[in-house]
Amino acid sequence: MKIRALKSAFFLVVVFSVLALPTVVFCQEHHAQSAGRAPAGHEDDPLKEEMVKLDAVFREVVSGVSLGDGARVRRALETMHGAMEKTHEGVRHSTVQIPKNPDRVKEFVELDRKFHAKLDTLATAAHKNDQQAMLKLTKGLLDGCVQCHSTFRNP
């Protein structure tokens with residue numbers, strides 16, 4: 001059982017590392033934000049702000065899940081509160097532009113709602129410190145990241 005959990009944790013780290021490669025700029029900007037500096041160009045784009053937050057959140061979530069630390073996962077997820085609503089408000093007011101397939105903005109919003117609902121489910125599993133559920137949900141969420149990026153993000 002321990003070996004299976006370690007293999008799953010390793011899988012998550014590998015998948016997340018691959019996903020993180022195209023977000024190096026976002027990561028650098030996140031570090032600037034952590035140091036008290038606003039990331040350049042994100043002041044008026046809630047979607048980019050949300051992606052920067054997600055980058056940091058998933059780093060913590062992957063670590064928390066692999067260590068069976070539900071409290072760490074919950075703390076990371078708490079930082080996402082309000083991000084979806086801010087992004088959707090930006091879509092309504094045209095301060096958020098979907099880079100790829102902008103004509104499918106309604107589909108983007110629906111995917112984002114479902115994604116955040118799964119984040120809430122992950123928070124519930126983390127509250128119960130249910131490592132297997134956290135692992136399964138995290139894998140599904142990362143798959144959702146890949147799906148959304150392939151549909152709505154330019155390379």
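In the range 95-121, the residues that are touching a residue at least 24 places away in the same chain (Cβ under 8 Å) form Cβ pairs under 7 Å with partners that are loosely packed, with under 13 Cβ neighbours inside 10 Å and of a type in the set (D, E), at six or more places apart or across chains, as follows: T95/D44.
A count restricted to the range 41-88 and to residues that are under 20 Å from R153 (Cβ atoms), in contact (Cβ under 8 Å) with a residue 40 or more places away in the chain and not hydrophobic (A, V, I, L, M, F, W, C) stands at 6.
Only the coordinates and a few stated rules stand behind these numbers; no lab work does. Keep in mind that this is a model prediction, so the values were computed, not measured. FYI the Cβ positions are ideal-geometry reconstructions off the backbone, even for glycines, and counts take in every protein chain you see.
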